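Comments concern the structure below.
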Amino acid sequence: MAKSEHDPLLAFRFPEFRYYVAANFLFTCAFLIQEVIIGYELYKLTKDPKAIAFIGLSYALPFMALSLLGGHFADKWSKKKILLGSLAGIAACSLTLFFVSKSMTDAAAARSLQYVIYAVVALTGGFYAFYSPTASSLKPLLVPRHAYENAATWGSAGWQAGTIVGPALSGFIYAWGGFSNTILAVIFLQVLVVGFILLIGDRKVENPEAGNIFQKVKEGIAFVGRTRMLLYSISLDLFAVLFGGVVAILAVFAEDILKVGPQWLGVLRAAPSVGAMLMLLLLTFTSVMDHAWKKMLLAVAGFGVATIVFALSKNLWLSIVALFFTGAFDAVSVVIRHTILQLVVPDEMRGRVGAVNGIFLSASNELGAFESGMAASWLGTVRSVVAGGVLSLAIVGWVWWKSRDLFDVDLRDGSRGGLDTD
């Protein structure tokens, strides 16, 4: 297909990419419905933000421990088989949670659900360590190079749509059917994901280089370390979200500060995704690859400011608007980062580099959830979020000073100009 710079649906011209986006959307819906109701259920049982903090830690530790191994196998084995096997394991975890929660009928038994949740979340993190780098390494193989930016935008849009629909539905499904029935809905969505993955042809990239598993993993880490824009971009996301993220403790804001209950918790959780989705739709009609690095830093700074506004707000609608803008600013940095990942990484190394990126993301999101819960417990909820927003702005300032030579890099032509490794 000829290159068309102004075609907002360019990546969707390729059928397998459409199946990929559909699977990504449904998987995200299922994942976040489960995440939201687990956090709310635990906080309702314990009234302790540290209980929420340990959800993130339970997920992050096995994911980070196994992710590099998952990336190695994503470069070595059938991507389709890894995806299907990982999905089967994740669905088995949800099914276990359903049966255990269904059997708990008295209050004492229900309190023990806390420990079952931690175990299930840890196992899910282990399976996702294989799913995530495999899925990220598959996406660039479904479209030609000139469609990478458009694919990055629509791939992020599919994920963001899931983060809107999933959390928005979670509170209502939970209020209507309870914890167990909501988990059952999650399992149904996971089965649909398997159906779409089956429609995608198998992909296995031949890797001509010899070496054992440790050498291969080391190659992926070294590649990220010597590619400056790639290293800076994922590091910036790590620290900004690690300190500035508020998603993990939204249940505390909904229950104790805004006093709005589980229905509005779903809306609060969806607000950043609505902002991100609208921004991503706008970005399908234009490019952010001219002066991309400067735009990314400005977007992360905007994220920090919006986080501080949310922390200080006592009004539900102002809080929703502030969360909306955290998502809109984040969407810009996501598109730039994902486009860089697709442009610079060789096909035979995508799984391993994707695993390194996944570890950074997990550290920012899941360890960030742990940090948020612990900081809220120590400093108080509002003060902890304000401090996180201020730290995010400080990090942006430091990266701005260190990376000024990247401001003029222009990636609009889809080339590697300015991205070559040292």
Count of region 259-306 residues which are of a type in the set (Lys, Arg), at positive phi and in a helix (DSSP H, G or I): 0
Where a residue in region 232-258 is modelled with pLDDT of 75 or more and outside any helix (DSSP H, G or I) and its partner, wherever it lies, is surrounded by fewer than 23 Cβ atoms within 10 Å (Cβ to Cβ) and not acidic (Asp, Glu), with Cβ under 6 Å and at least six apart: LEU258/LEU316
Test for ASP290: is it among the charged types (D, E, K, R), in contact (Cβ under 8 Å) with a residue 40 or more places away in the chain and touching a strand residue (DSSP E or B) at 6+ places or on another chain (Cβ under 6 Å): yes
Region 60-103 - residue that is among the small types (Gly, Ala, Ser) and modelled with pLDDT of 90 or more and, of those, farthest from LEU198 (Cα to Cα): SER94
PHE239 vs. criteria surrounded by fewer than 24 Cβ atoms within 10 Å (Cβ to Cβ), among the aromatic types (Phe, Trp, Tyr) and closer than 21 Å to LEU406 by Cα: yes
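Is it true that PHE130 is of a type outside the set (D, E, K, R) and modelled with pLDDT of 90 or more?
Judged against the criteria, PHE130 is a match.
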Set VAL186, VAL165, VAL143: member being within 24 Å of PRO62 (Cα to Cα) and of a type in the set (A, V, I, L, M, F, W, C): VAL186
Region 137-153 residues that are under 22 Å from GLY220 (Cα atoms), paired with ones that are among the acidic types (Asp, Glu) and surrounded by 21 or more Cβ atoms within 10 Å (Cβ to Cβ) (beta carbon under 9 Å, 6 or more apart): SER137/ASP75
All helices (runs of 4 or more DSSP H) inside region 313-422 with 3 or more residues being modelled with pLDDT under 80, of a type in the set (A, V, I, L, M, F, W, C) and over 27 Å from GLY71 (Cβ atoms): 350-379
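The values are calculated or read from the model by the stated rules, or taken from the named source; none is laboratory data. Since this is a predicted model, take the numbers as computed values, not measurements. No Cβ is skipped: glycine too gets one built from the backbone with ideal geometry, and neighbour counts run over all protein chains shown.
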